[in-house]
Amino acid sequence: MAIVNRTPDSFYDQGATFRDEPALARVEQAVSEGAAIIDIGGVKAGPGDEVSAEEEARRTVGFVAEVRRRHPDVVISVDTWRHDVGEAVCEAGADVLNDAWGGVDPKLAEVAARFGAGLVCTHAGGAEPRTRPHRVTYDDVMADILRVTVGLAERAAALGVRRDAIMIDPGHDFGKNTRHSLEATRRLGEMTETGWPVLVSLSNKDFVGETLDKPVKERVIGTLATTAVSAWLGAQVYRVHEVAETRQVLDMVAAIAGHRAPAVARRGLA
(Lines give C-alpha, C1' and ligand atoms only; values in the text may rest on other atoms or scores of the structure.)
Protein backbone atom coordinates (compact mmCIF):
# COMPACT_ATOMS: atom_id res chain seq x y z
CA MET A 1 0.00 0.00 0.00
CA ALA A 2 1.77 3.11 -1.29
CA ILE A 3 1.17 6.44 0.42
CA VAL A 4 0.14 9.40 -1.74
CA ASN A 5 -0.45 12.49 0.38
CA ARG A 6 -2.63 15.23 -1.13
CA THR A 7 -1.58 17.61 1.63
CA PRO A 8 0.76 20.62 1.67
CA ASP A 9 2.19 19.77 5.09
CA SER A 10 2.69 15.99 5.37
CA PHE A 11 5.35 15.03 7.90
CA TYR A 12 7.49 13.03 5.46
CA ASP A 13 7.31 14.59 2.01
CA GLN A 14 6.32 18.13 3.03
CA GLY A 15 3.73 18.52 0.28
CA ALA A 16 5.68 16.92 -2.58
CA THR A 17 2.50 15.31 -3.96
CA PHE A 18 0.05 18.07 -3.14
CA ARG A 19 -0.26 19.13 -6.79
CA ASP A 20 -1.83 16.79 -9.32
CA GLU A 21 1.14 16.18 -11.64
CA PRO A 22 3.64 14.99 -9.01
CA ALA A 23 0.91 13.02 -7.25
CA LEU A 24 0.00 11.18 -10.45
CA ALA A 25 3.69 10.57 -11.13
CA ARG A 26 3.99 9.12 -7.64
CA VAL A 27 1.14 6.73 -8.41
CA GLU A 28 2.81 5.60 -11.63
CA GLN A 29 6.10 5.02 -9.83
CA ALA A 30 4.48 3.14 -6.95
CA VAL A 31 2.56 0.83 -9.27
CA SER A 32 5.69 0.13 -11.34
CA GLU A 33 7.60 -0.70 -8.14
CA GLY A 34 5.06 -3.28 -7.03
CA ALA A 35 2.38 -1.49 -5.03
CA ALA A 36 -0.99 -3.25 -5.19
CA ILE A 37 -2.86 -0.52 -3.28
CA ILE A 38 -2.65 3.27 -3.55
CA ASP A 39 -3.60 5.01 -0.29
CA ILE A 40 -4.67 8.62 -0.84
CA GLY A 41 -4.90 11.04 2.06
CA GLY A 42 -6.20 14.59 2.14
CA VAL A 43 -5.45 15.53 5.76
CA LYS A 44 -2.16 15.41 7.63
CA ALA A 45 -2.39 12.94 10.53
CA GLY A 46 -0.72 15.24 13.03
CA PRO A 47 -1.74 18.66 14.34
CA GLY A 48 -1.80 21.53 11.86
CA ASP A 49 -4.09 23.85 9.99
CA GLU A 50 -7.75 22.92 10.15
CA VAL A 51 -8.99 21.06 7.07
CA SER A 52 -12.74 20.99 6.57
CA ALA A 53 -14.56 18.00 5.10
CA GLU A 54 -15.18 20.08 1.98
CA GLU A 55 -11.48 20.83 1.55
CA GLU A 56 -10.53 17.21 2.24
CA ALA A 57 -12.97 16.09 -0.45
CA ARG A 58 -11.62 18.72 -2.87
CA ARG A 59 -8.11 17.30 -2.41
CA THR A 60 -9.10 13.66 -2.87
CA VAL A 61 -12.30 13.02 -4.84
CA GLY A 62 -11.20 14.21 -8.28
CA PHE A 63 -7.80 12.60 -7.78
CA VAL A 64 -9.41 9.25 -6.94
CA ALA A 65 -11.45 9.46 -10.12
CA GLU A 66 -8.34 10.17 -12.20
CA VAL A 67 -6.33 7.34 -10.64
CA ARG A 68 -9.26 5.01 -11.27
CA ARG A 69 -9.37 6.12 -14.92
CA ARG A 70 -5.65 5.56 -15.40
CA HIS A 71 -5.37 2.37 -13.34
CA PRO A 72 -8.61 0.39 -13.53
CA ASP A 73 -7.06 -2.64 -11.81
CA VAL A 74 -5.26 -0.98 -8.90
CA VAL A 75 -6.90 -0.99 -5.48
CA ILE A 76 -7.58 2.58 -4.34
CA SER A 77 -7.72 3.32 -0.63
CA VAL A 78 -8.56 6.67 0.96
CA ASP A 79 -7.28 7.62 4.39
CA THR A 80 -10.21 9.43 6.04
CA TRP A 81 -12.20 9.29 9.24
CA ARG A 82 -15.20 11.27 7.91
CA HIS A 83 -18.23 9.46 6.53
CA ASP A 84 -19.19 12.24 4.10
CA VAL A 85 -15.71 12.22 2.57
CA GLY A 86 -15.86 8.43 2.49
CA GLU A 87 -19.11 8.54 0.58
CA ALA A 88 -17.73 11.02 -1.98
CA VAL A 89 -14.55 9.05 -2.66
CA CYS A 90 -16.43 5.76 -2.95
CA GLU A 91 -18.67 7.37 -5.55
CA ALA A 92 -15.48 8.41 -7.38
CA GLY A 93 -14.13 4.85 -7.41
CA ALA A 94 -12.35 4.16 -4.12
CA ASP A 95 -12.23 0.50 -3.05
CA VAL A 96 -11.13 0.82 0.59
CA LEU A 97 -11.69 3.33 3.41
CA ASN A 98 -8.66 3.52 5.68
CA ASP A 99 -10.04 4.68 9.04
CA ALA A 100 -6.85 5.53 10.92
CA TRP A 101 -8.67 7.09 13.88
CA GLY A 102 -10.40 4.05 15.28
CA GLY A 103 -14.05 4.49 14.34
CA VAL A 104 -14.42 8.02 15.70
CA ASP A 105 -17.15 8.48 13.05
CA PRO A 106 -19.20 5.26 13.24
CA LYS A 107 -21.03 6.15 10.02
CA LEU A 108 -17.84 5.49 8.02
CA ALA A 109 -18.32 1.72 8.37
CA GLU A 110 -21.90 2.16 7.19
CA VAL A 111 -20.62 3.90 4.07
CA ALA A 112 -18.19 1.05 3.40
CA ALA A 113 -21.02 -1.44 3.69
CA ARG A 114 -23.31 0.53 1.40
CA PHE A 115 -20.70 0.86 -1.37
CA GLY A 116 -19.19 -2.61 -1.01
CA ALA A 117 -15.86 -1.06 -0.01
CA GLY A 118 -13.20 -2.50 2.25
CA LEU A 119 -12.43 -1.01 5.65
CA VAL A 120 -9.30 -0.67 7.77
CA CYS A 121 -10.13 -0.85 11.50
CA THR A 122 -7.40 0.87 13.49
CA HIS A 123 -6.55 1.17 17.17
CA ALA A 124 -5.99 4.83 18.07
CA GLY A 125 -6.40 4.59 21.83
CA GLY A 126 -9.54 6.71 21.79
CA ALA A 127 -7.59 9.74 20.56
CA GLU A 128 -9.32 12.55 18.73
CA PRO A 129 -8.22 12.93 15.10
CA ARG A 130 -5.01 14.86 14.56
CA THR A 131 -3.93 14.87 18.21
CA ARG A 132 -0.71 13.52 19.67
CA PRO A 133 -0.67 11.13 22.64
CA HIS A 134 0.05 12.65 26.04
CA ARG A 135 0.98 10.39 28.98
CA VAL A 136 -1.23 7.62 27.60
CA THR A 137 -1.20 4.36 29.58
CA TYR A 138 -2.54 0.84 29.07
CA ASP A 139 -2.72 -2.07 31.47
CA ASP A 140 -1.99 -4.26 28.44
CA VAL A 141 -1.57 -2.45 25.13
CA MET A 142 -2.11 -5.50 22.93
CA ALA A 143 -5.21 -6.52 24.84
CA ASP A 144 -6.63 -3.07 24.18
CA ILE A 145 -5.62 -3.21 20.51
CA LEU A 146 -7.36 -6.55 20.09
CA ARG A 147 -10.49 -5.42 21.91
CA VAL A 148 -10.87 -2.30 19.78
CA THR A 149 -9.85 -3.57 16.35
CA VAL A 150 -11.68 -6.88 16.51
CA GLY A 151 -14.73 -5.08 17.88
CA LEU A 152 -14.65 -2.60 15.00
CA ALA A 153 -14.14 -5.42 12.50
CA GLU A 154 -17.04 -7.45 13.83
CA ARG A 155 -19.29 -4.38 13.80
CA ALA A 156 -18.33 -3.66 10.19
CA ALA A 157 -19.08 -7.23 9.19
CA ALA A 158 -22.45 -7.04 10.94
CA LEU A 159 -23.22 -3.89 8.96
CA GLY A 160 -22.51 -5.74 5.73
CA VAL A 161 -18.85 -5.04 4.94
CA ARG A 162 -17.39 -8.18 3.35
CA ARG A 163 -15.31 -10.03 5.92
CA ASP A 164 -12.52 -10.58 3.39
CA ALA A 165 -12.38 -6.80 2.80
CA ILE A 166 -11.81 -5.88 6.46
CA MET A 167 -8.31 -5.30 7.84
CA ILE A 168 -7.18 -4.57 11.38
CA ASP A 169 -4.31 -2.19 12.17
CA PRO A 170 -2.51 -1.84 15.53
CA GLY A 171 -2.09 1.89 14.87
CA HIS A 172 1.60 2.44 15.51
CA ASP A 173 2.15 5.90 17.07
CA PHE A 174 -1.61 6.60 17.20
CA GLY A 175 -2.56 6.98 20.85
CA LYS A 176 0.72 5.30 21.80
CA ASN A 177 4.19 6.12 22.96
CA THR A 178 7.26 4.44 21.46
CA ARG A 179 7.30 1.57 23.97
CA HIS A 180 3.65 0.82 23.17
CA SER A 181 4.40 0.68 19.44
CA LEU A 182 7.41 -1.58 20.00
CA GLU A 183 5.32 -3.93 22.11
CA ALA A 184 2.55 -3.94 19.51
CA THR A 185 5.13 -5.01 16.92
CA ARG A 186 6.65 -7.65 19.17
CA ARG A 187 3.20 -9.14 19.84
CA LEU A 188 1.79 -8.75 16.35
CA GLY A 189 1.27 -12.49 16.13
CA GLU A 190 -1.63 -12.11 18.55
CA MET A 191 -3.37 -9.96 15.93
CA THR A 192 -2.70 -12.31 13.03
CA GLU A 193 -4.03 -15.21 15.13
CA THR A 194 -7.48 -13.56 15.15
CA GLY A 195 -7.90 -14.49 11.49
CA TRP A 196 -8.45 -10.89 10.38
CA PRO A 197 -5.89 -9.62 7.83
CA VAL A 198 -3.44 -7.29 9.56
CA LEU A 199 -2.29 -3.99 8.05
CA VAL A 200 0.70 -2.17 9.52
CA SER A 201 1.55 1.48 8.93
CA LEU A 202 5.17 1.73 10.02
CA SER A 203 6.79 3.95 7.45
CA ASN A 204 9.26 6.45 8.95
CA LYS A 205 7.13 6.90 12.05
CA ASP A 206 8.16 8.52 15.33
CA PHE A 207 8.53 5.21 17.19
CA VAL A 208 11.24 4.26 14.69
CA GLY A 209 12.86 7.68 15.03
CA GLU A 210 12.85 7.57 18.83
CA THR A 211 14.11 3.99 18.97
CA LEU A 212 17.13 4.81 16.82
CA ASP A 213 17.33 8.57 17.57
CA LYS A 214 16.98 9.41 13.88
CA PRO A 215 15.21 12.30 12.12
CA VAL A 216 12.40 11.64 9.66
CA LYS A 217 14.63 11.30 6.58
CA GLU A 218 16.91 8.72 8.27
CA ARG A 219 14.31 6.17 9.37
CA VAL A 220 14.15 3.91 6.32
CA ILE A 221 16.45 1.21 7.69
CA GLY A 222 14.56 1.06 10.97
CA THR A 223 11.27 0.96 9.07
CA LEU A 224 12.46 -1.94 6.92
CA ALA A 225 13.68 -3.87 9.96
CA THR A 226 10.26 -3.43 11.56
CA THR A 227 8.65 -4.47 8.27
CA ALA A 228 10.65 -7.71 8.22
CA VAL A 229 9.61 -8.56 11.79
CA SER A 230 5.98 -7.75 11.01
CA ALA A 231 6.08 -9.93 7.90
CA TRP A 232 7.54 -12.83 9.85
CA LEU A 233 4.70 -12.47 12.37
CA GLY A 234 2.08 -12.56 9.64
CA ALA A 235 1.08 -9.01 8.69
CA GLN A 236 -0.35 -8.90 5.18
CA VAL A 237 -0.58 -5.24 4.13
CA TYR A 238 2.11 -2.56 4.54
CA ARG A 239 1.39 1.15 4.19
CA VAL A 240 4.69 2.63 2.98
CA HIS A 241 6.58 5.48 1.39
CA GLU A 242 9.45 3.33 0.01
CA VAL A 243 7.69 0.79 -2.21
CA ALA A 244 10.62 -0.87 -4.00
CA GLU A 245 12.63 -1.37 -0.80
CA THR A 246 9.62 -2.76 1.05
CA ARG A 247 8.84 -5.12 -1.85
CA GLN A 248 12.36 -6.59 -1.59
CA VAL A 249 12.08 -7.04 2.17
CA LEU A 250 8.73 -8.81 1.85
CA ASP A 251 9.98 -11.05 -0.96
CA MET A 252 13.05 -12.00 1.09
CA VAL A 253 11.01 -12.81 4.21
CA ALA A 254 8.57 -14.85 2.12
CA ALA A 255 11.46 -16.83 0.63
CA ILE A 256 13.01 -17.51 4.04
CA ALA A 257 9.61 -18.64 5.31
CA GLY A 258 9.27 -20.99 2.35
CA HIS A 259 6.33 -19.19 0.76
CA ARG A 260 8.23 -17.91 -2.28
CA ALA A 261 10.87 -19.46 -4.50
CA PRO A 262 14.09 -17.54 -5.26
CA ALA A 263 13.84 -15.42 -8.39
CA VAL A 264 16.80 -17.33 -9.82
CA ALA A 265 18.57 -20.53 -8.72
CA ARG A 266 22.08 -20.91 -10.18
CA ARG A 267 24.38 -21.24 -7.20
CA GLY A 268 25.84 -24.73 -6.87
CA LEU A 269 24.19 -25.99 -10.03
CA ALA A 270 26.94 -25.24 -12.57
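Details
- Among residues of the range 224-237 that are closer than 15 Å to Leu182 by Cβ and assigned to a helix (DSSP H, G or I), those with a beta-carbon under 8 Å from a residue that is aromatic (Phe, Trp, Tyr) and at pLDDT 95 or above at least six positions away or on a different chain give the pairs Thr227/Tyr238; Ser230/Tyr238.
- A count restricted to the range 170-209 and to residues that are over 24 Å from Ile37 (Cβ atoms) and among the hydroxyl-bearing types (Ser, Thr, Tyr) stands at 1.
- Thr60 meets the conditions (1) more than 23 Å from Pro170 (Cβ to Cβ); (2) surrounded by fewer than 19 Cβ atoms within 10 Å (Cβ to Cβ); (3) of a type in the set (Ser, Thr, Tyr) in every case but one. The failed one is (2).
- Filter pass, Ser181 being in contact (Cβ under 8 Å) with a residue 24 or more places away in the chain, within 26 Å of Val4 (Cα to Cα) and assigned to a helix (DSSP H, G or I): yes
- The single condition from (1) farther than 20 Å from His241 by Cβ; (2) out of contact with any Leu (no Cβ under 9 Å at 6 or more places or on another chain); (3) assigned to a loop (DSSP other than H, G, I, E, B) that Gly171 fails is (1).
- Among the residues of the range 204-228, those that are of a type in the set (Val, Ile, Thr) and within 20 Å of Pro133 (Cα to Cα) comprise Val208, Thr211, Val216.
- Condition met for Gly62 (over 16 Å from Met167 (Cα atoms) and in contact with a helix residue (DSSP H, G or I) (Cβ under 6 Å, 6 or more places away or on another chain)): no
- Residues satisfying the stated conditions in the range 120-151, i.e. in a helix (DSSP H, G or I) and surrounded by fewer than 24 Cβ atoms within 10 Å (Cβ to Cβ): Val141, Met142, Ala143, Asp144, Leu146, Arg147, Val148, Val150, Gly151
- Selection count, the range 17-75, where residues are among the charged types (D, E, K, R) and under 20 Å from the mean Cα position of the chain (by Cα): 9
- The condition of being in contact with a Leu (Cβ under 6 Å, 6 or more places away or on another chain) and either over 25 Å from Arg155 (Cβ atoms) or of a type outside the set (A, V, I, L, M, F, W, C) (or both) holds for only one of Thr194, Thr211, Thr223, Thr178, that being Thr223.
- Selection of the range 84-116 for residues being crowded, with 21+ Cβ neighbours inside 10 Å and aromatic (Phe, Trp, Tyr) yields only Trp101.
- If you check Arg132, Arg186, Arg179 for being among the basic types (Lys, Arg), under 29 Å from Ala53 (Cβ atoms) and out of contact with any helix residue (DSSP H, G or I) (no Cβ under 6 Å at 6 or more places or on another chain), only one passes: Arg132.
The values are calculated or read from the model by the stated rules, or taken from the named source; none is laboratory data. Quick caveat: nothing in here was measured; it's all calculated off a predicted structure. Quick reminder, even Gly has a Cβ in these numbers, built from the backbone with ideal geometry, and neighbours come from all protein chains shown.
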